[in-house]
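Enquirer: Starting off with a structure, shown below.
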Amino acid sequence: MDADQTVERAVEAIASLYERAVLARSPLHLAGCGGCGGPTFQQPCPLCDFYPMGADKGRWHPETASRQFFCDKVAGSAPQGTGNLATWVLSALKKSVAYARNPVVRDRLDAALADAVTLDMPDPGLVYDRVSGAGMIYGRVADDHGRRRFWEAASLLKEACHDEPRVAGSSQDRICSVIADAVSDLHAGRFAAACGTLRAAASERLDRRHGDPHAIRRAIAELDAIVPEDPEEETAPGPRP
């Protein structure tokens, strides 16, 4: 496997873990930062806080992210320097408002970070060489129509229980568990089963009048608009050949 395939597979593995933790579509990509030049996956840059939409685009720290600086940041994204590319990406979510305020989100992300440490990830130096050195950009294959509707339905179901208690064992926690099961089916290539799991959960919540009925009906409409696939032809999402 060449270097580009190695990084592509890592991006897909991290995105899949992200989706199981956050229960939302991951648009993960790796590209050079417009500020420090180091590999980045979001704005502001996790290395230097450069934000191209900000008022002052000419000052950031460090001025240039060296290879060693990037490797140190990646290693430091988990306890005792055990970080890898996956923990570096996922640890950025710990700065979110949802992580600070929602125990359900916090528990799921902490579990994902524990799993991330065990993933077989490329050496950060290789990532730096390909992204910052060679100018490569690594992104995911775009979802097809059906999968976009799946993720929209999942988002609507989470929205439907947004105002409910955010504690373990709550209705919100249970719907998140159901969505997590559906996402696992999606990653395993069982698209029809994933959609069926979401639709059953949406119908049950609508029948029992739990959550926002408008959001639940919209989720059901999204799922009903998906053209059924032949289970024998389903394949798990993956990197480009």
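The values are calculated or read from the model by the stated rules, or taken from the named source; none is laboratory data. In this text the structure is predicted, and so the values were computed from the model without any measurement. No Cβ is skipped: glycine too gets one built from the backbone with ideal geometry, and neighbour counts run over all protein chains shown.
Enquirer: Give the range 106-144 a look and list any residue that's within 30 Å of Gly211 (Cα to Cα), part of a helix (DSSP H, G or I) and in contact (Cβ under 8 Å) with a residue 24 or more places away in the chain, or say none.
Expert: Asp107, Arg108, Leu109, Ala111, Ala112, Leu113
Enquirer: Let me ask something else about it. With Ala75, Ala100, Ala3, Ala65 as the choices, which residue is farther than 16 Å from Ala112 by Cβ, over 23 Å from the mean Cα position of the chain (by Cα) and small (Gly, Ala, Ser)?
Expert: Result: Ala65 is the single residue among Ala75, Ala100, Ala3, Ala65 that is farther than 16 Å from Ala112 by Cβ, over 23 Å from the mean Cα position of the chain (by Cα) and small (Gly, Ala, Ser).
Enquirer: Among the residues in the range 227-236, are any modelled with pLDDT under 95, under 15 Å from Arg147 (Cα atoms) and in contact with a His (Cβ under 7 Å, 6 or more places away or on another chain)?
Expert: Yes, the conditions are met somewhere in the range 227-236.
Enquirer: Could you please tell me which pairs satisfy a Cβ distance under 8 Å, a separation of 6+ or placement on different chains, a first residue in the range 2-20 that is on the phi < 0 side of the Ramachandran plot, and a second residue that is acidic (Asp, Glu)?
Expert: Ala3/Asp129; Leu17/Asp115
Enquirer: Please tell me if Thr64 is assigned to a loop (DSSP other than H, G, I, E, B), of a type in the set (Val, Ile, Thr) and either at pLDDT 95 or above or surrounded by 19 or more Cβ atoms within 10 Å (Cβ to Cβ) (or both).
Expert: no
Enquirer: Here's a follow-up. Within the bounds of the range 175-193, is there any residue that is surrounded by 21 or more Cβ atoms within 10 Å (Cβ to Cβ) and over 21 Å from the mean Cα position of the chain (by Cα)?
Expert: no
Enquirer: Let me ask something else. Please determine whether any residue of the range 41-55 is of a type in the set (Gly, Ala, Ser) and assigned to a helix (DSSP H, G or I).
Expert: No, the range 41-55 contains no residue that is of a type in the set (Gly, Ala, Ser) and assigned to a helix (DSSP H, G or I).
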